[in-house]
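The values are calculated or read from the model by the stated rules, or taken from the named source; none is laboratory data. Worth saying up front: this structure is predicted, and the values here are computed from it rather than measured. Using ideal geometry, Cβ is built from the backbone for each residue, glycine included, and neighbour counts are taken over all protein chains shown. Heads up: the accessible areas ignore ligands, DNA and RNA and are worked out on the full protein's heavy atoms, side chains in. Shrake-Rupley method; radii C 1.70, N 1.55, O 1.52, S 1.80 Å.
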Amino acid sequence: VKLRGSRAEEALADLDEALELCKKAKSDQLVQYDEMPKVLIARGGALRALRRYSEAVKDYDLAGDLFGEPDLEMLSGRAQAKVGLQEPAAAAEDFDAAAELLRLAGRRPEAEIEAERGAVQRMAAEDLLPAEEAFAGVIRRSVGLLSKDMGLLQRVVLADSDARMAMTAISWHKKQPEIAEAYWRDGCDRLTILADEATGKNLALGFADGDVYNCTRYASDSTWIREVRGWPQQAIGWFEDFLRNRDPSAAPRESYVQDLMAGKRPGEGSTLMDLAIATDVFRRSDPLADIQKNLQRDPLLQQERERAER
């Protein structure tokens, strides 16, 4: 509670005290191998909040040793601490391991959020081919995810859309302007639909602090892309170059758009059947009716893209 209230120093003092109590109970196996690692993970979170990343990693490492097996909270927390230490390759490994644990537990939406964070860190490590494959994997697996938790669904769509924006930057860097344009338009449309829904009946449950945004944020706020989405400066540069030099009149071929809607990479190939069964957060129950609804949104989507591109 204190951490959520930005009182990390007080939380850290409490956790230091709790850790000392755990150390005194050396003969209690439950305390040593269950309670103590939980306290260490919590203290790692407090240290991370204070930007004491090296100390946080040590706590997470010790917690992992005591548990003796992978732990989701430990892996995710340690990954974030390694991001703070600017160790992107190591952070990516932990994010990927956390994603795998979530998949094994049947928590697929949360797995894709962690996997997308891992992909961003691979991009930061300049390991572009694995990053590209990881982003494409997030997009592919996110199509078809369903959940009764609207906040979680929104968070998945935000991660999926960020993956599409990252693929815009990577595709432009690879001299693939049509593919970059396809990713940009598709990601932009998804964010516009999500923002529209978040300000309506569904509320902004998955937007951090209720900060609803669409693709205009990507086009206008590089600081936000770096500090909130975690992109490396090099990729931001590719993205900004795309926005400056793209040809707005050069629409990508319809087959590329369809591929993306089906969760595939532009040019990979998809059929109308692929599209019909690719039920995602915008096509929840009646695919045909919801696709038609999205087609009716085209004027709004075009207007929002043009606003972002100015």
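Is one or more of the residues making up segment 92-102 under 21 Å from Lys264 (Cβ atoms), at pLDDT below 95 and either open to solvent by 10 Å² or more (accessible area, probe 1.4 Å) or of a type outside the set (D, E, K, R) (or both)?
Among the residues of segment 92-102, not one is under 21 Å from Lys264 (Cβ atoms), at pLDDT below 95 and either open to solvent by 10 Å² or more (accessible area, probe 1.4 Å) or of a type outside the set (D, E, K, R) (or both), which makes the answer no.
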**Complete:** Going through segment 39-57 in order, the residues found to be on the phi < 0 side of the Ramachandran plot and either outside any helix (DSSP H, G or I) or free of Cβ contacts under 8 Å to residues at least 12 places away in the same chain (or both) are Leu50, Arg52, Glu55
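Select from segment 170-195 the residues that are of a type outside the set (A, V, I, L, M, F, W, C) and in contact with an Asp or Glu (Cβ under 9 Å, 6 or more places away or on another chain) and list them in ascending order.
Across segment 170-195, the qualifying residues are Ser171, His173, Lys174, Pro177, Glu181, Gly187, Asp189, Arg190, Thr192.
Results for (1) open to solvent by 10 Å² or more (accessible area, probe 1.4 Å); (2) among the aliphatic types (A, V, I, L, M); (3) more than 17 Å from the chain's Cα centre (by Cα); (4) within 26 Å of Gln233 (Cβ to Cβ), shown as yes or no for each residue.
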| position | (1), (2), (3), (4) |
| --- | --- |
| Ala124 | yes, yes, no, yes |
| Ala131 | no, yes, no, yes |
| Ile139 | no, yes, no, yes |
| Gly144 | yes, no, no, no |
| Asp160 | no, no, no, yes |
| Ala169 | no, yes, no, yes |
| Trp172 | yes, no, yes, yes |
**Asked** List, please: which pairs have Cβ atoms under 7 Å, are six or more places apart or on different chains, and start with a residue in segment 222-248 that is farther than 14 Å from Glu126 by Cβ and end with one that is hydroxyl-bearing (Ser, Thr, Tyr) and outside any loop (DSSP other than H, G, I, E, B)?
**Response** Ile225/Tyr218; Phe239/Thr168; Glu240/Ser222; Phe242/Thr168
**Request:** Collect the residues in segment 220-249 that are modelled with pLDDT of 95 or more, under 18 Å from Asp189 (Cβ atoms) and open to solvent by 30 Å² or more (accessible area, probe 1.4 Å), keeping them in residue-number order.
**Result:** Ser220, Leu243
